[in-house]
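As structure tokens, the structure follows; a few thoughts come after it.
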Amino acid sequence: MSKKNDDFFKEKKPWSEVKDQLLGCYFKPYLLKILQTKKPVVYVDCFAGKGKFEDGNPGSPLIALGIIDECLASTNTGAPQISTTFIDVNYAEDLKRNIGIRNNSRIVSGKYEEQITEILKGKTGCNVFLYIDPYGIKALKYSMFNRFAKGAYNSIELLINMNSFGFIREACHALSVKLELDDPNLFDDLIEYAPAKMDASKKSIEDLNEIAGGDYWQAIIQDLKANKIDGYQAEELFAAQYCQELMRCFKFVLNMPLRIKQGQRPKYRMIHATNHQDGCLLMVDNICNRWEAWHEVQNAGQMSLFEEDANNQIVNESEIEAKMMSFFSRLHGNYVSLHMALAYFFMQYGPLCKSGVIKQKLKDFEKRGLLLVERDPKTTPTGRPAAFMDEKTNQKKVMIKWANK
Ligand SMILES: C[S@@+](CC[C@H](N)C(=O)[O-])C[C@H]1O[C@@H](n2cnc3c(N)ncnc32)[C@H](O)[C@@H]1O
């Protein structure tokens, strides 16, 4: 029997707000872009909740539906087909009440892990987006993500709320290691949907292997036991290796630690996995925009002296340029697509700035003769040489290569 945890929906907590902003602010540009493919869009909120919080704030279902309505009203891409499915094991009735009846939308009462295969049946050639926001980690089976990645979809993207501290806590239970953390509130929202906890049994270790997609986490917990690392470093190492594991099935995986106060430990990690470079770049920009917005709230509107990325690492221009030099100077073979190269750049260094910053600097590299650029179309409508540093499906293409200077 699933634990209901009704309190979660009494009022929307800052954590949920931050999570939903990341979804909401990404989903709109994603939809506008993906509708250009003219293929049907299939959106599944796999742990949908009640649709709305009791304080009147929208939950992820109403946020997504609002964005779909906005996009349908503004897009000029013919007759877009967008279907939505909302799964929840506890709150199907609340969902029906809060969402109402809509075309191409259905509510499924049941468990994501038992329903999703059926829901995705027959979606070959579609653009699939799965929002995965469980309370805990138990339902997050790596093998399912691997299966989704291999599906014959036009595109597939996942946005996962990965409760990485919850994983470390359960991993410590399974390997009988004491976990000491100095933040007493860290686990406030880390509520498992099923009452069973991991214990020092073979079954728990197998379950954790299945969630992590391997047994690499065990070495991290052993290092923790040997005091080589602390609990926070264990979480960071686990999140990094988990993303590496996901990159075995998805080309581009980004991870954003969610903290709402500066200097605070991250509470969750939102992980975005996609096989498309444009999805990755949109998410990089979204993470940076969200980061800027939260940073401003955290600093009460005061400008910070240094730029920080979403990992609270201070980034400065010369550092970005050095990273660009190191990365792009390796592209001296064939011409490669600008957006593909950019997405791999962010895979290597993380979302350290918006993609526009890198594009601007690449223009500068081009002016300095460091970068060769081929554009399609080559000229502007008025016949001047094109200078854009941006790709648009079926409209603009940019290929780049290092000039070997
Ligand atoms: C964190 S809440 C989701 C909140 C929602 N994304 C929002 O922003 O409003 C997790 C939800 O997952 C549901 N749930 C728990 N286990 C589930 C499972 N195995 N399959 C589907 N839903 C599940 C719970 O009932 C709960 O409503």
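Screening the candidates Val128, Val108 for the property of being within 15 Å of the ligand (Cβ to nearest atom) and assigned to a strand (DSSP E or B) yields one hit, Val108.
Say we look at region 26-57 and pick out the residues that are within 20 Å of the chain's Cα centre (by Cα) and within 10 Å of the ligand (Cβ to nearest atom); which of these is nearest to Asn127 (Cα to Cα)?
My answer is Asp45.
The selection criterion, being more than 13 Å from the ligand (Cβ to nearest atom), modelled with pLDDT of 95 or more and among the aliphatic types (A, V, I, L, M), holds for Ala149. Picking from residues in region 70-96 that are assigned to a helix (DSSP H, G or I), at pLDDT 95 or above and out of contact with any Asp or Glu (no Cβ under 9 Å at 6 or more places or on another chain), the one that is farthest from the ligand (Cβ to nearest atom) is Lys96.
Within region 116-125, being buried (at least 18 other Cβ atoms within 10 Å of the Cβ) and part of a helix (DSSP H, G or I) holds for Ile116, Ile119, Leu120. Condition check: β-branched (Val, Ile, Thr), touching a strand residue (DSSP E or B) at 6+ places or on another chain (Cβ under 7 Å) and at pLDDT 90 or above. Does Val253 satisfy that? Judged against the criteria, Val253 is a match. The residue pairs whose first member lies in region 216-229 and is in a helix (DSSP H, G or I), whose second member is of a type in the set (Val, Ile, Thr), and whose beta carbons are closer than 7 Å, counting only pairs six or more residues apart or on different chains, are Ile221/Val177; Asp223/Ile229; Leu224/Val177; Lys225/Val177. Applying a threshold of 7 Å to beta carbon distances and a minimum spacing of six or more residues, or different chains, the list of pairs starting in region 345-358 at a residue that is not assigned by TED's automatic domain parsing to the domain that holds Trp291 and ending at one that is surrounded by 20 or more Cβ atoms within 10 Å (Cβ to Cβ) and in a loop (DSSP other than H, G, I, E, B) reads Pro351/Ala310. Among (1) in contact (Cβ under 8 Å) with a residue 40 or more places away in the chain; (2) buried (at least 17 other Cβ atoms within 10 Å of the Cβ); (3) under 19 Å from Leu31 (Cα atoms), where does Gln81 come up short? The failed condition is (2). For Ser109, the stated conditions hold: it is assigned by TED's automatic domain parsing to the domain that holds Lys33, of a type outside the set (A, V, I, L, M, F, W, C) and in contact with a helix residue (DSSP H, G or I) (Cβ under 6 Å, 6 or more places away or on another chain).
The values are calculated or read from the model by the stated rules, or taken from the named source; none is laboratory data. What you see is a predicted model; the values in this text were computed from it and never measured. No Cβ is skipped: glycine too gets one built from the backbone with ideal geometry, and neighbour counts run over all protein chains shown.
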